[in-house]
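Single-structure report; data block below.
Only the coordinates and a few stated rules stand behind these numbers; no lab work does. All of these numbers come straight from a predicted model, not from anything done at the bench. Cβ: placed from backbone, ideal geometry, glycine included. Neighbour counts: every protein chain shown.
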Amino acid sequence: MKQSLAYIDDNENNLDCLGLIFESDFKIKTFQNPLIFLDDYKSNDFTAVLVDIHMPLMSGFDLYEKLIESDRYDGCPIFFISSDDSVSTRIKSFSLGAVDFLDRKMTPQEMLSRIKSKIKFHHMHRNIIEFGNLKLNLTLLKASLNDVELKLTFIEFKLLCHLVRTYPEATSKDELVEIVWSSQHVLDATIYTHTFNLNAKMKMWDHEVILERKKGMVLTKKSQTA
């Protein structure tokens, strides 16, 4: 059975051309409108997603961030494609978390080869972190508690992974923003909201996330009450 590939590009010629090339190896579904793709993604799963960077309705970077914030995002590889191969564009692509950047000057065969190899690598390296009755799948970006999947956003998942890895040490706000958001400007209210939501979704866990003004964010064991 062919693996499924979603390709989002505002240029219809690009969609037709690469769609014909990729269809020999993938069950490909193309989208000229990123908003239609997001709506379709609510009910469909894809093995990988290929995103054009420069689109009028929504940039590929903005689409990427909306995609990974979706509750349905399962960690599938996301590729950027563009004729803009500037250093700044490449750096932003990889800093966001894309598995690869495809330059349109590449041959179709090279594009296809790179997509297939990255997908294969992705499926071969499924990393699991276990912390008591909590299990984190770093490949699929899924968390489960007592073998029941938790519906976490991408940011909540990143927060939880970092806190488990650094337990029982605290993480300062500045370090947290850099690691989780890859940004220098995140409002305190945003951090508080994600912390509150994460604790609410994990209320049955015997640990909780605490925000301390001086120390920062820390994962602690809940106090036992009689």
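Summary of computed values
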{"item": "Efficiency of FRET from Cβ geometry, residue 223 and residue 2, R₀ 45 Å, rounded to 0.05", "result": "0.30"}
{"item": "For the chain, with +1 on Lys and Arg beta carbons and -1 on Asp and Glu, the positive-most of 137, 101, 50 along the dipole", "result": "137"}
{"item": "Where only C-alpha atoms are counted, convex hull volume of the chain per residue in Å³", "result": "140"}
{"item": "Partner lysines for residue 201 [C-alpha distance under 18 Å; skip if fewer than 8 residues away on the same chain]", "result": "135, 142, 151, 158, 221, 222"}
{"item": "Of 47, 171, 193, the one that fluctuates the most in a GNM where the chain has Cα springs shorter than 10 Å", "result": "193"}
{"item": "Cα-projected label distance for residue 40 with residue 94, points at 7 Å along beta-carbon direction, nm", "result": "3.0"}
{"item": "Extreme residue, positive dipole direction of the chain, given options 205, 26, 73 (C-beta unit charges)", "result": "205"}
{"item": "Added length on full extension, which subtracts the Cα-Cα distance from 0.36 nm per residue, residue 187 to residue 11", "result": "59.7 nm"}
{"item": "Dimensions (Å) - region 128-221, Cα atoms, principal axes, largest first", "result": "35, 25, 21"}
{"item": "Point-charge dipole on Cβ atoms (K/R +1, D/E -1) for region 3-124, about Cα centre, debye to 20", "result": "420"}
{"item": "Region 179-226 - Rg and Dmax from Cα coordinates, angstrom", "result": "12.4, 43"}
{"item": "Along principal axes, Cα extents of region 3-124, largest first, whole Å", "result": "34, 31, 31"}
{"item": "Lys, Arg +1 and Asp, Glu -1 on Cβ, resulting dipole of region 128-221 about Cα centre, debye, nearest 20", "result": "120"}
{"item": "Dipole magnitude of the chain, debye to nearest 20 (Cβ charges: Lys/Arg +1, Asp/Glu -1, about Cα centre)", "result": "780"}
{"item": "Max mean-square fluctuation residue, GNM over the chain, Cα-Cα springs under 10 Å, options 40, 188, 25", "result": "188"}
